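Here's the structure we're looking at; comments come further down.
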Amino acid sequence: MLQQLRIDPEFESKIPPLRDEEFKQLEENILADGVVINPLIVWDGVIVDGHNRYRILQKHPEIQYSTYEKMFPDRYAAIAWICKNQLGRRNLTPQQYKYLVGQQYGAAKRTEQFHGNQHTLTNKSGAGQNVQHQKGEWTAKRIARENNLNEKYVRRAEHFAKGVDAAEEAEPGIKQEILSGSIKPTEKAVAAIAKAPPEERPALVLQLRQAKEAESPEEKPKPKRSSAATLQAIRDISDHMLQPNGEIDANDICSELEDALDAMIFRWDTCLEANKKQRTACQGGIEKLTDKGIQYLQKTRRNR
């Protein structure tokens with residue numbers, strides 16, 4: 001008999017949704033096996049991993065399955081775990097990856113600050129705030145280390161995630177457009193939405209969608225090869241950097257360039273990790289691309 005488990009909307013919202021064909025393939029695999037191989041991870045009767053599998057079980061209650069009870073000190077610790085677990089997926093877009101890192105960092109800070117406050121609430125000297133700030137610094141370093149990132153990326157990812165959530169609250173549906181990459185606003189433009197007053201957010205979201213509508217097939221030709229797709233992604237980033245999103249200072253320029261570099265590193269790591277068997281066959285091409293990138297970076301450094 002299917003156990004009555006609860007789905008927490010906030011928990012589920014942290015998990016990138018499966019495309020229709022992915023969900024169908026998962027269902028077909030489960031039906032073919034006659035069992036859900038991976039257990040549903042639950043916390044006090046609430047699903048923290050396995051939402052799609054549980055929905056398939058609701059349609060096919062005869063399928064065998066198992067659950068694993070995982071303990072968390074609070075819901076923010078559960079959210080941080082969900083995000084960290086999802087970061088292991090190979091099919092994430094750079095936007096989804098950044099969103100999950102930002103959510104993991106934000107949740108981890110909240111749970112660590114909460115438990116730290118149990119020992120600092122009675123301190124009226126102001127030292128408690130310094131302790132919380134230090135904890136936030138330590139948390140950023142830990143998450144950066146766990147995900148092989150730098151601390152600046154982790155902190156910027158939190159601002160990006162807050163902006164995505166604020167945009168979704170103002171205009172439901174925009175979150176999926178941003179995270180799927182169907183629209184590609186700058187990180188700064190997304191983060192700005194969370195900082196704006198609530199009454200101004202719908203207009204800012206509209207600007208993100210207008211940028212999408214302004215693109216035409218002639219302006220953005222669809223590449224046919226994976227190498228062309230990579231080049232087009234770089235051009236997209238460059239185009240957005242040149243869009244009039246307000247004044248841009250030296251820090252913004254460095255943030256945009258760092259964001260582009262992080263996205264490139266993420267795509268290379270993902271592609272090479274997912275295609276280890278074919279890597280030898282294209283090693284010559286990889287070396288040429290690597291040389292091209294090194295030459296460009298060396299040229300950029302010389303032109304400082």
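Here, each number is a calculation from the coordinates, and none is a lab measurement. Quick caveat: nothing in here was measured; it's all calculated off a predicted structure. No Cβ is skipped: glycine too gets one built from the backbone with ideal geometry, and neighbour counts run over all protein chains shown.
3J(HN,Hα) along region 54-63, derived from phi through the Karplus expression 6.51 cos²θ - 1.76 cosθ + 1.60 where θ = phi - 60°, amounts to 5, 5, 5, 5, 5, 7, 10, x, 6, 6 Hz, with x in place of Gly and Pro.
Amide H contacts of Asp49 (H built 1.01 Å from N, in plane; Pro and chain starts excluded): Ile41 sit under 5 Å, all sequence-distant by 5 or more or on other chains.
One chain, two ends: Lys288 and Glu200. Fully extended at 0.36 nm per residue, the span grows by 26.9 nm beyond their Cα-Cα distance.
Run a plain Debye calculation on region 1-71 (Cα atoms as equal point scatterers, no solvent) and give log10 I(q)/I(0) at q = 0.15, 0.17, 0.18, 0.24 Å⁻¹, rounded to two decimals, same order as the q list. So the normalised log intensities are -0.47, -0.61, -0.68, -1.17. For the pair region 50-76 and region 1-39, the centres of their Cα atoms are 8 angstrom apart. Look at Cys282, Cys83 and count the other Cβ atoms within 10 Å of each Cβ; fewest to most, that gives Cys282, Cys83. One chain, two ends: His60 and Asn150. Fully extended at 0.36 nm per residue, the span grows by 28.0 nm beyond their Cα-Cα distance.
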